Amino acid sequence: MAAVPDFQAANDPDTLETQEWIEALDAVIEREGPERAHYLLERLIDEARRSGAYIPYSANTAYINTIPPHLEERSPGDAALEERNRSYMRWNAMVMVAKANKGDGDLGGHIASFASVGTLFGTGFNHFWNAPHAGHGGDLVYFQGHSAPGIYARAFQEGRLTEEQIRNFRREVDGKGISSYPHPWLMPDFWQFPTVSMGLGPIQGIYMARYLKYLHARGLADTANRKVWVFCGDGEMDEPESLGAIGLAARERLDNLIFVINCNLQRLDGPVRGNGKIIQELEGDFRGAGWNVIKLIWGSYWDPLLARDTEGILKQVMLEAVDGEYQNYKANDGAFVRKYFFGKHPKLLELVSRMTDDDIWRLNRGGHDPHKIYAAYAAATKHKGEPTVILAKTIKGYGLGRIAEGRMTAHQHKKMDLESIKQFRDRFKIPIPDEKLEEPPFYLPPPDAPEMKYLHERRKALGGYLPQRRRKADVVPQVPGLDAFDAVLKAQDREISTTMAFVRILTALVRDKNIGKHVAPIVADEARTFGMEGMFRQLGIYSSEGQKYTPQDKDQVMYYREDKAGQILEEGITEAGAFSSWIAAATSYSHSNLVSVPFYIFYSMFGLQRIGDLAWAAGDQRARGFLLGATAGRTTLNGEGLQHEDGHSHILSSVIPNCVSYDPTFAFELAVIVHDGLRRMVTDQEDVFYYVTVMNENYTHPGLADVADKRPEESILKGMYLLKEAGGKPKLKVQLMGSGTILREVIAAAELLERDWGVGADLWSCPSFTELRREGLDADRWNMLHPAAPPRKSYVEARLEGRQGPAIASTDYLKAFADQIRPFIPSGVRYRVLGTDGFGRSDTREKLRYFFEVNRYWVTIAALKALAEDGAVKPALVAEAIGKYGIDPSKPNPATV
Ligand SMILES: Cc1ncc(C[n+]2csc(CCOP(=O)(O)OP(=O)(O)O)c2C)c(N)n1
Ligand SMILES: [Mg+2]
């Protein structure tokens, strides 16, 4: 019988009544079990709520393990062998980091984090994580990024990495070593998920689990037995992205998702919640969101003490001690724990009176107890209808002794002195003699040792080794010919926007019998903005629940249709979520051996700027798919103002090495670009992704056949094609360039130049200044390294060479965008760029283009000025033009106002 703890009595007006209720509850727990007790409590609360009573909800449970000892599923494994192997991996991981920081290396690395998470990993590897094999697509594990040395140590012991490789941890340039962190770009057969930028693993893991369900629901892949495991640090949970999508995981009932939070109570600088309890806080967050929460706080050595804690004093003290204290206990010793933890109550001192200080020190934490971990994992994998989070309490720097264990400085610890190495060796019983410890070697048991046999047997039983990454899908869908987009390749006499052209292209693709079902259209609550609402009805919006209501617009042709097998991923207002969804789709060739072709369309301003780090991670993990930055351009989305008008997304996309970006003006350019993207990403399985801007300005479009360029398709893809040549034989000429909607101003400028000033203009459409620059840089680099060979010409140089007059480029982006190709303009050719530097603002397109100095008049003036600088016309002519077009020379600089 439990007594009511004293602290509650103070607020209790009727302790006798309380006592009766508690006794009744005790009796139920004793006779019928905790599930029944839980049911009764839920019913009581439900009854009270139905009667209208205000019952504030507490999302917290006691500070003890969620799974009581009698309900723990026992591990079938050989605990002793597992422990030996774990110890070897701890040792090798430590040696790896220590070596990277010796001699000329000051390469960094982390020892303390794997030390805390090692047992949690080990249990997964030994018993739970399937590699892809017949009948199983493989589990997907997001490893805590900076615990990579521990994963390498396992792969080394498994014979998957050589000693030379791990000796060269963090030395990648010569191709001998291995990555600092999980980077699929650098280790494409090994790592699947880049996780080391804190917070990106959790949100990507959630959307990955959802995407697996989507593939299953749509009949594209059998993912029913696959799980997504996400390991993250407790400090990492402060990232908004870490918790930002947990509601979706619960709502979508992602029971294929398991979070394991390594609660070592510390982050880099100090405690995560020194004055509080991170485990309780996270329990509240996740329970509140609707997750199955498994707290894994105490190891088995605590069980007998907890069993004897009939008055609840131990549990109360456990709950009241803050994390700062728990950290401190583990940075000290058994005597300290006796004095400052058990010493909080005389009855607790009594409880441990027969235990030595060493016994007290041995009282372990849940995250270091393989039996308890096994039980938690077993429960998590069997849980249905909800995602599970395991809150595992661990020790940062576990086993590293006085120098790091539980120390504030544990995270930064990378060098080991001789004494610490000795202690570590003794603590984990590594068979290396004293004389070798000066330069500690890696350790491997002999190949026929029972530990080694066990290691391989366990992985064999689970279908192979992990992590492993698939580089290419076995089969790829057939990409239709360019003629599939005929409707947009020919001239458009009706005024349409490139966004509308995109929707037509997408519609043609989803209807295609081969590639259609592979297409995954993704939106973040902007489908109507982009004119895609027609697809709601046609393709259906994916919903794991189908549609439980009659949509308000059911009588409309294009009604809002949700469907269990829907194709559209309508993510709501979460760019990070939608982008994570896109990553899951864009990597499905790898994680599910199934090609998906995702098209995520968004306001270009809320794209790369908002989720730049995820886009970088997409590059790292070799995502393949299309990103459509819609309503693009600083002056094209008129009326929306400073926070909407994007003049720099093309600068942002240009920094991601495998992101190919285009700013097309005409529908046929877009069709050629998308088609070639499909060829590269689907047919050729090249690891690139596309960022393409589309606009909402309506205008007529010429057809592919109407342009002056001799090889227009090839030229479009390279980034620059000849749209039109100046007519007649003008004495003065200029080369006018542009992209996006501003190209149309450039075309108008060509007319002004001819009409008003007798200057002829060749017109160049430049759908990718970024690709032009990349090609130019490559040629330039080659030339520098081959000084004696005939120089390679950059594409820009080759196209402009021999043409007459200066070159002027104008775009709806920063001047830096068009300026990218300056080094490749042929020598002697003057190059002027116009662009939209500065903060946007709302007004009409016409006004904005004047304000930002990119319209037809400014292009004309810039051309005349360039001619004047070349000495071809007098400066007075430029002044005359400024006057003629009503331009105010004292107008403030838009870059600064
Ligand atoms: C976005 C981001 N910010 C900062 C860092 C630098 N960093 C690496 S590990 C770390 C502390 C991590 O603490 P925690 O998540 O608790 O993991 P632990 O090492 O304690 O297991 C920090 C700040 C990072 N990797 N990513
Ligand atoms: Mg931590």
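Could you tell me how many of the residues in the range 503-529 are assigned to a helix (DSSP H, G or I) and either within 23 Å of Y589 (Cβ to Cβ) or open to solvent by 30 Å² or more (accessible area, probe 1.4 Å) (or both)? Of the residues in the range 503-529, 10 are assigned to a helix (DSSP H, G or I) and either within 23 Å of Y589 (Cβ to Cβ) or open to solvent by 30 Å² or more (accessible area, probe 1.4 Å) (or both). Every condition in (1) open to solvent by 10 Å² or more (accessible area, probe 1.4 Å); (2) away from ligand 2 (no atom under 16 Å from the Cβ); (3) assigned to a loop (DSSP other than H, G, I, E, B) is met by L254 except one, and the failing one is (1). Of everything listed in (1) in a helix (DSSP H, G or I); (2) surrounded by 21 or more Cβ atoms within 10 Å (Cβ to Cβ); (3) touching a helix residue (DSSP H, G or I) at 6+ places or on another chain (Cβ under 6 Å), the single unmet condition for M532 is (1). Checking each residue in the range 235-251 for being within 16 Å of ligand 2 (Cβ to nearest atom), open to solvent by 30 Å² or more (accessible area, probe 1.4 Å) and touching a helix residue (DSSP H, G or I) at 6+ places or on another chain (Cβ under 9 Å) picks out E239, L243.
Given the criteria closer than 28 Å to T635 by Cα and open to solvent by 50 Å² or more (accessible area, probe 1.4 Å), does R781 qualify?
Against the criterion (closer than 28 Å to T635 by Cα and open to solvent by 50 Å² or more (accessible area, probe 1.4 Å)), R781 does not qualify.
If you go through the range 554-575 and pick out every residue that is open to solvent by 20 Å² or more (accessible area, probe 1.4 Å) and more than 23 Å from the chain's Cα centre (by Cα), you end up with 12.
Screening A98 on (1) part of a helix (DSSP H, G or I); (2) open to solvent by less than 10 Å² (accessible area, probe 1.4 Å) shows it passes everything except condition (2). Only residues that are under 27 Å from G145 (Cα atoms) and surrounded by fewer than 16 Cβ atoms within 10 Å (Cβ to Cβ) were counted across the range 291-319, and they come to 0. Residues in the range 255-271 that are more than 10 Å from ligand 1 (Cβ to nearest atom) and not polar (S, T, N, Q) were compared, and the one that is farthest from the chain's Cα centre (by Cα) is G270. Counting the residues of the range 708-726 that are open to solvent by less than 20 Å² (accessible area, probe 1.4 Å) and part of a loop (DSSP other than H, G, I, E, B) gives 3. The helices (runs of 4 or more DSSP H) found wholly in the range 833-884 and carrying at least 2 residues that are closer than 19 Å to Q735 by Cα and in contact with a Pro (Cβ under 7 Å, 6 or more places away or on another chain) occupy 856-869.
If I go through the range 346-360 residue by residue, how many of them are open to solvent by 80 Å² or more (accessible area, probe 1.4 Å) and either under 26 Å from N262 (Cβ atoms) or assigned to a helix (DSSP H, G or I) (or both)?
The qualifying residues number 4.
Of all residues in the range 430-452, those that are in contact (Cβ under 8 Å) with a residue 40 or more places away in the chain and either within 13 Å of A98 (Cβ to Cβ) or within 39 Å of the chain's Cα centre (by Cα) (or both) total 9. Within the range 840-852, residues that are at negative phi sit with their Cβ atoms under 6 Å from residues that are among the acidic types (D, E) and surrounded by 22 or more Cβ atoms within 10 Å (Cβ to Cβ), at 6+ positions apart or across chains, in these pairs: G840/E645. Being open to solvent by 40 Å² or more (accessible area, probe 1.4 Å) and closer than 20 Å to T665 by Cβ, is that true of even one residue in the range 786-794? Within the range 786-794, not a single residue is open to solvent by 40 Å² or more (accessible area, probe 1.4 Å) and closer than 20 Å to T665 by Cβ.
The values are calculated or read from the model by the stated rules, or taken from the named source; none is laboratory data. Keep in mind that what you see is a predicted model, and the values were worked out from it rather than measured. So basically every Cβ, Gly included, is an ideal-geometry build from the backbone, and we count neighbours across all protein chains shown. Areas reflect the complete protein model, heavy atoms only, side chains present, ligands, DNA and RNA absent. Shrake-Rupley method; radii C 1.70, N 1.55, O 1.52, S 1.80 Å.
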